[in-house]
1. Any idea which residue in the stretch 87-106 is farthest from the chain's Cα centre (by Cα), counting only those that are surrounded by 24 or more Cβ atoms within 10 Å (Cβ to Cβ) and more than 12 Å from VAL59 (Cβ to Cβ)?
2. What is the one condition in (1) without any contact (Cβ under 8 Å) to a residue 24 or more places away in the chain; (2) within 30 Å of SER285 (Cα to Cα); (3) outside any loop (DSSP other than H, G, I, E, B) that LEU22 does not satisfy?
3. Working only within the stretch 86-112, note down all residues that are part of a helix (DSSP H, G or I) and either farther than 19 Å from ASP267 by Cα or free of Cβ contacts under 8 Å to residues at least 40 places away in the same chain (or both).
4. Are any residues in the stretch 113-130 among the polar types (S, T, N, Q), within 21 Å of LEU217 (Cβ to Cβ) and touching a residue at least 24 places away in the same chain (Cβ under 8 Å), and if so, which ones?
5. From GLU171, GLU234, which residue is over 22 Å from the mean Cα position of the chain (by Cα) and free of Cβ contacts under 8 Å to residues at least 24 places away in the same chain?
6. For the structure I just gave you, tell me whether THR187 is out of contact with any Leu (no Cβ under 9 Å at 6 or more places or on another chain), in contact (Cβ under 8 Å) with a residue 60 or more places away in the chain, surrounded by 19 or more Cβ atoms within 10 Å (Cβ to Cβ) and not acidic (Asp, Glu).
7. Can you go through ARG260, ARG245, ARG209, ARG239 and tell me which one is surrounded by 15 or more Cβ atoms within 10 Å (Cβ to Cβ) and either over 15 Å from ILE149 (Cα atoms) or in contact (Cβ under 8 Å) with a residue 60 or more places away in the chain (or both)?
8. Scan the stretch 50-82 residue by residue and report those that are in a helix (DSSP H, G or I), of a type in the set (D, E, K, R) and surrounded by fewer than 17 Cβ atoms within 10 Å (Cβ to Cβ).
Amino acid sequence: MTDKPILIVGRNGQLARCLHELATARGLTAVAMGRRELDLEAQINIDSVVASLAPSVIVNAAAYTAVDQAESEEATAFRINRDGAAALAAVAARMNIPFVQLSTDYVFDGRKASPYVESDVPAPVNSYGASKLAGEIAVLAACPFATVIRTAWVYSPYGHNFVRTMMRLAETRPLVRVVADQFGSPTSAVDLAAAILKIAQQFGSADRRATTGIYHLTARGETTWHGFAAAIFEGLGRRGLKVPRLEAISAAEYPTPARRPANSRLDSSRAERAFRLRLPHWRNSLEACLDRLVSEGERVC
């Protein structure tokens with residue numbers, strides 16, 4: 001990787017925060033920009049902002065991620081997740097800057113019985129997934145050498161995510177009911193950030209065509225949301241914290257404005273072959289996240 005900075009778009013998101021933190025810890029120069037500096041929805045001054053920074057790589061971790069709210073704000077979701085991402089990718093293409101776009105398991109309908117591979121036909125069941133799929137297509141059209149990374153069930157010590165929600169509920173409720181018929185691989189944003197930095201290091205040495213296209217990247221192992229919650233509460237209990245009683249329910253018993261895929265499992269073997277990386281098992285990474293949250297006395301309510 002060159003001495004030029006890494007541009008991380010989406011400063012306040014959990015992946016962006018983990019990327020900036022990890023890059024800085026490794027002595028790399030990283031600049032994280034939020035909406036105030038680089039507004040993907042308004043698409044104002046993207047060229048000049050990127051040109052002034054002249055980054056070695058751009059990682060677009062910004063997105064409209066309010067899944068349920070996207071059902072009533074679909075136009076906004078598409079402006080950010082499709083149009084804004086494409087505008088940023090077009091600038092990267094014109095300036096010959098490697099570009100990484102983050103995407104999601106929600107591009108699939110979840111009906112497949114096994115983990116999804118990159119060649120499976122997307123069929124999103126909600127507006128958020130549709131906007132992210134449209135973003136993938138638009139980004140690759142604007143920047144043919146872009147790298148699109150689909151991931152799933154991301155959590156971290158930061159922001160709004162399932163781990164922090166379960167910790168808050170453990171403090172406030174005697175009983176927590178969690179869906180047990182949706183399957184996926186909980187993925188640590190810390191692990192994902194480390195993988196993205198490793199991928200970025202390969203841009204300078206590898207043929208750009210070898211890193212082009214769509215890759216799935218999630219933690220090893222799989223579970224349900226209920227299984228994930230059980231592991232979180234078990235970990236909290238081992239650390240001496242109060243835990244609630246946990247009850248398994250079906251997705252039908254927990255209706256939401258946006259449908260969720262029943263199967264969010266992604267096959268990451270293509271990324272493993274291309275980039276020689278493999279994320280840790282989700283249980284190991286969850287323990288590291290809980291260690292950090294509990295040791296720092298993180299307030300999650």
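Please treat every number below as a calculation from the coordinates, not as lab data. Given the structure is predicted, the values throughout are model-derived calculations rather than measurements. Cβ sites come from the backbone with ideal geometry, for glycine too, and all protein chains shown count toward neighbours.
1. TYR106
2. The one condition LEU22 does not meet is (1).
3. Result: ALA86, ALA87, LEU88, ALA89, ALA90, VAL91, ALA92, ALA93, ARG94.
4. Restricting attention to the stretch 113-130, the residues satisfying the condition of being among the polar types (S, T, N, Q) are 114, 119, 126-127.
Next cut, within 21 Å of LEU217 (Cβ to Cβ) only: 114, 119.
Scanning the stretch 113-130 gives a single hit, SER114.
5. Details: GLU171 fails: free of Cβ contacts under 8 Å to residues at least 24 places away in the same chain.
Unique residue meeting the criteria: GLU234.
6. Against the criterion (out of contact with any Leu (no Cβ under 9 Å at 6 or more places or on another chain), in contact (Cβ under 8 Å) with a residue 60 or more places away in the chain, surrounded by 19 or more Cβ atoms within 10 Å (Cβ to Cβ) and not acidic (Asp, Glu)), THR187 does not qualify.
7. Among ARG260, ARG245, ARG209, ARG239, only ARG260 is surrounded by 15 or more Cβ atoms within 10 Å (Cβ to Cβ) and either over 15 Å from ILE149 (Cα atoms) or in contact (Cβ under 8 Å) with a residue 60 or more places away in the chain (or both).
8. GLU71, GLU74
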